[in-house]
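Each remark here refers to the structure printed beneath this line.
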């Protein structure tokens, strides 16, 4: 089955049973292929929602325009409840509050949701609360318009009628459940949704009971994106599992159950390998940032702690209409009596209230940890200890932390911004040592992450732990001189961007190069050798606290 | 309203179930925090429990579910003296909820149409005498958490805004759930939860299959499924009601008090709330077991859930604090001889 056909099956299932399946997670950039798929879904214009939508629009509320016009309360029906299938564009930017509300609506069977995820960058993913509830996943990466079979938009009315009577025998149900467990899917929603999908597929095919093919396809559609080790495994173990999934099964004690390897295979075969691995990365991201794909900190900033609305009109301030009406409300009877013209609602300029938010930035400490061979030989363990102390510090201040490790040829974002210490600790402990020191790449990665997160409202700072012996260039060559020069350039970039931070020298003895680098970066330099971990943590936190 | 999944049909998750039952016996224990993966039946359990509990009697039309007409707040204009019975309320507090919705605010409808300043009660009012359920409580915005802390502590919601000065009782059992990997809970809020349990997806395949089987049976033919479990749910309900009745009569020997204090000292839990909750939970547990006095095995049965979230925590400690509690309990009370239950 080609990805295009697979997408089409998912679409037909969605049309058949949107509420039962929860929805469809459609990972696709704008383009003709996506348009074709969406066209098949027949989503009404009114059912399109976007991440910025407020509660009133979604769930209904007071229709202010009509209320003011009529002088009596007019309610407006919300989008949820009006339509079976909703379509959420730019789902990767969905704030956690909206995700939670949509999740509730899905759980309550009020609607099915098509979430169009355009996530391109690392850290952008569908909120986990939604990803968990949407049954189907389709990725249109690399799928062109020509791959989508045309003319196959069949009305499935008959299938709808058939659906309630479709049988799924207990044995097959057990196999779905076991396959889900086998794939490391902890949630019980997955097998339930797969069962639902299997029945839907049988209905589409005109069968009376779920067949073998339905089972495999349902597992494929529902499990593929959820599959993967739930726990952070050893990298080696992980590889083994993805490469040789069948190796895993003989260890299972339940031999009474038939081999569900067929299903597991069906899932593994569902998506190209890189999509699976990228999804796994995406899941890590989602898990780390609590599903706030649009950036955790925005929660703290864009909305902020609401302050009471204030009278007066600012040039760019948003008018708090409700507060304005509230201010005007008690006077209505009096004003009506005194009014010359007959109006239903009398709002005077003095009633106007502006919205105000208290904006505070969440701090984000990005740890750049050198795990190169030279650092490992000297004091990687101590550096890790220092990072842990700083993490404890960050925890008490409720800072966010991110972790970038660098060794060998490049720097790797081990943990996107998160508040979860458990995760950070785990990733840090798992960071192996060895290889060259791609310092320039690390600095760049840190600066890029910092700038990106600043765009989302964090106040980033860098904590760089290295022995400063840069010897790998950006393009991965071993050239000490060029690497040093590139690191210096990256440092200047950091200074120019105004990101604060600290450089901790973890080498055996302080390195002059690194001190100069810190100077270029305009951040304090701290040689680790003489410092105990506690002292280090104190200095670092005061350095990072610098405005 | 559709009938929720029956409580007795929930497979496994014994600790979570027993924690919830304890709060149903004594709502003064102060709520349950359930931490675990998504899709492990956390919200199912809360809804099921509320449906299981005996209905409450309330004055008809009272926005805060008052039991007696005298308890109705004066702003509510409750005219009816009739008392009606209704299921125990379970109110969802979604993420991203506005402060107005939580505490209540000026009633715009009446303000607009009649020019009156009136109070429109919020979620806290609706949750009075029932359950307030917060999914993903660890992602809740700080200003909402502040609100909840205050109300959960005082049992009263005070609204001072927009020229309104309103107060009403808001005593509810707080049930929070979340996934610790996604963020930590503020220690202040953590402390407000009486009990805390960790749930995990069962690893036993048979058990997993059974979960799915029951859920599908429920989805396919709700009425038949409910009929099938009605007797067990009724038995549970009876036992809870009996335990509630027995609770005031449970004796608390001096030795049990000493045990509580020593346990908390040994664990170094902050404040005295740990002792108090431990004792309350142990009493409820004794009542549930049909015993007349609190014994060590009752303490043992609830120690982990009452204390694991109160330990002065090393944020870097990987092993669950539950294990720490169990270890200390074993050291103090000697190793477990018989199964707790």
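General remarks:
- Residue check: residue B:81 meets all listed conditions (1) at pLDDT 80 or above; (2) more than 14 Å from every other protein chain (Cβ to nearest Cβ); (3) at negative phi but one, namely (1).
- Hits in the range B:1-17 (condition: touching a helix residue (DSSP H, G or I) at 6+ places or on another chain (Cβ under 8 Å) and over 26 Å from residue B:220 (Cβ atoms)): B:15
- Summed over the range A:19-29, residues that are part of a helix (DSSP H, G or I) and either surrounded by fewer than 23 Cβ atoms within 10 Å (Cβ to Cβ) or not assigned by TED's automatic domain parsing to the domain that holds residue A:109 (or both) total 2.
- Any hit, the range A:479-490, residues being within 14 Å of another protein chain (Cβ to nearest Cβ), part of a helix (DSSP H, G or I) and out of contact with any helix residue (DSSP H, G or I) (no Cβ under 7 Å at 6 or more places or on another chain): no
- Helices (runs of 4 or more DSSP H) fully within the range B:223-326 that include at least 2 residues being crowded, with 19+ Cβ neighbours inside 10 Å and modelled with pLDDT of 90 or more: B:273-289.
- Residue that is nearest to the other protein chains (Cβ to nearest Cβ) [pool: residues in the range A:428-450 that are in a helix (DSSP H, G or I) and surrounded by fewer than 19 Cβ atoms within 10 Å (Cβ to Cβ)]: A:429
- Given (1) within 10 Å of chain B (Cβ to nearest Cβ); (2) modelled with pLDDT of 70 or more; (3) buried (at least 16 other Cβ atoms within 10 Å of the Cβ); (4) part of a helix (DSSP H, G or I), index of the condition residue A:382 fails: (1)
- When residues in the range B:171-187 are screened for being in contact with a helix residue (DSSP H, G or I) (Cβ under 7 Å, 6 or more places away or on another chain) and in a helix (DSSP H, G or I), 3 of them pass.
- Scanning the range B:156-188 for residues that are buried (at least 23 other Cβ atoms within 10 Å of the Cβ) and over 30 Å from residue B:76 (Cα atoms), we see that the one that is farthest from the other protein chains (Cβ to nearest Cβ) is B:177.
- Selected residue [part of a helix (DSSP H, G or I), closer than 30 Å to residue A:324 by Cβ and more than 18 Å from the chain's Cα centre (by Cα)] from B:143, B:168: B:143
- The single condition among (1) away from chain A (no Cβ under 14 Å); (2) at pLDDT 85 or above; (3) outside any strand (DSSP E or B) that residue B:45 does not meet is (1).
- Unique match (being within 11 Å of chain A (Cβ to nearest Cβ), modelled with pLDDT of 80 or more and surrounded by fewer than 24 Cβ atoms within 10 Å (Cβ to Cβ)) among B:107, B:92: B:92
- Residue B:98 satisfies every condition listed in (1) more than 8 Å from every other protein chain (Cβ to nearest Cβ); (2) closer than 25 Å to residue A:101 by Cα except (1).
- Looking only at residues of the range B:1-42 that are buried (at least 21 other Cβ atoms within 10 Å of the Cβ) and in a strand (DSSP E or B), we find that the one that is farthest from the chain's Cα centre (by Cα) is B:35.
- Residue that is nearest to the other protein chains (Cβ to nearest Cβ), among those in the range B:124-140 that are part of a helix (DSSP H, G or I) and closer than 29 Å to residue A:400 by Cα: B:139
To keep it simple, each residue is scored yes or no on (1) under 16 Å from the mean Cα position of the chain (by Cα); (2) within 14 Å of chain B (Cβ to nearest Cβ); (3) modelled with pLDDT of 75 or more; (4) part of a loop (DSSP other than H, G, I, E, B).
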{"site": "A:106", "(1), (2), (3), (4)": "no, yes, yes, no"}
{"site": "A:121", "(1), (2), (3), (4)": "yes, no, no, yes"}
{"site": "A:126", "(1), (2), (3), (4)": "yes, yes, yes, yes"}
{"site": "A:130", "(1), (2), (3), (4)": "yes, yes, yes, no"}
{"site": "A:137", "(1), (2), (3), (4)": "yes, no, yes, no"}
{"site": "A:143", "(1), (2), (3), (4)": "no, no, yes, yes"}
{"site": "A:153", "(1), (2), (3), (4)": "no, no, no, yes"}
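- Scan of the range B:52-65 for residues that are out of contact with any helix residue (DSSP H, G or I) (no Cβ under 7 Å at 6 or more places or on another chain) and surrounded by fewer than 21 Cβ atoms within 10 Å (Cβ to Cβ), ordered by number: B:55, B:56, B:57, B:60, B:61
- In the set B:159, B:84, B:102, only one residue is more than 30 Å from residue A:346 (Cα to Cα) and either in the same structural domain as residue B:34 (by TED's automatic domain parsing) or in contact (Cβ under 8 Å) with a residue 24 or more places away in the chain (or both); that residue is B:84.
- The residue of the range B:189-207 that is farthest from the other protein chains (Cβ to nearest Cβ), among those that are touching a helix residue (DSSP H, G or I) at 6+ places or on another chain (Cβ under 6 Å) and in a helix (DSSP H, G or I), is B:192.
- Members of the range A:183-207 that are surrounded by fewer than 21 Cβ atoms within 10 Å (Cβ to Cβ) and more than 8 Å from chain B (Cβ to nearest Cβ): A:184, A:205, A:206, A:207
- Any hit, the range B:190-201, residues being without any contact (Cβ under 8 Å) to a residue 40 or more places away in the chain, surrounded by fewer than 19 Cβ atoms within 10 Å (Cβ to Cβ), closer than 21 Å to residue B:272 by Cα and assigned by TED's automatic domain parsing to the domain that holds residue B:37: no
The values are calculated or read from the model by the stated rules, or taken from the named source; none is laboratory data. Owing to the predicted nature of the structure, the values given are computational and were not obtained by experimental measurement. Cβ coordinates were reconstructed from backbone atoms using ideal geometry, including for glycine residues, and neighbour counts include every protein chain displayed.
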